[in-house]
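Step one of this worksheet: look at the structure below.
The values are calculated or read from the model by the stated rules, or taken from the named source; none is laboratory data. What you see is a predicted model; the values in this text were computed from it and never measured. So basically every Cβ, Gly included, is an ideal-geometry build from the backbone, and we count neighbours across all protein chains shown. Side chains included, ligands, DNA and RNA excluded: accessible areas come from the protein's heavy atoms. Shrake-Rupley method; radii C 1.70, N 1.55, O 1.52, S 1.80 Å.
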Amino acid sequence: MTRHAEQRQQQRAVPALVTSLLIDYGASMPHRGAEVYFMNKAGRRRLREEVGGSRSLRLIEPWLNTYVVVGAGGAVLTVARRQRRLRRP
């Protein structure tokens, strides 16, 4: 994780757990030489099955509209909240 990503994660109050969940369970799409990870319906369903129900998922629900940008080397470049739908290239 880059220093920029750590600062943005702290500024935007996104827990580190959410960042790792987005990378593990979320969908990804290429964008300008990097991968953008975000949570879609299928990812939420997989996460709900893994966590053990919707009650546990409600605790992290406010942060699931977040996306993570991972560079070509595997480093997290930034973390941000989605304001609108991400466009496919």
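Name the residues whose placed amide hydrogens come within less than 5 Å of the amide hydrogen of His31, ignoring near sequence neighbours (fewer than 5 apart) on the same chain.
Val36
For the chain, calculate the relative contact order in percent as a whole number, restricting contacts to Cα pairs under 8 Å that are 6 or more residues apart.
On the way: 123 pairs, mean separation 31.5, N = 89.
Taking the mean separation of contacting Cα pairs over the length of the chain, I get 35 percent.
Using θ = phi - 60° and the Karplus form 6.51 cos²θ - 1.76 cosθ + 1.60, what ³J(HN,Hα) does each residue of the range 69-74 get, whole Hz, x for Gly and Pro?
9, 10, x, 4, x, x
What is the list of residues in the range 18-38 whose amide nitrogen lies under 19 Å from a point 7 angstrom out from the Cα of Ala72, following Cα to Cβ?
Counting backbone N atoms under 19 Å from the label point, the list is 29-37.
Once neighbouring chains are kept in place and the probe is 1.4 Å, which whole percent of the accessible area of the chain is contributed by carbon and sulfur?
Values: 2860 of 6060 Å².
Exposed carbon and sulfur together represent 47 percent of the surface.
Rounded to the nearest whole Å², what accessible area per residue is found for the range 1-66 with the 1.4 Å probe?
Numbers: 4290 Å² over 66 residues.
Counting only protein heavy atoms, the per-residue value for the range 1-66 is 65 Å².
How large is the charge dipole for the chain, taken about the Cα centre, if only the Cβ atoms of Lys, Arg (+1) and Asp, Glu (-1) carry charge, to the nearest 20 debye?
Details: 17 positive and 6 negative charges, 105 e Å.
About 500 debye.
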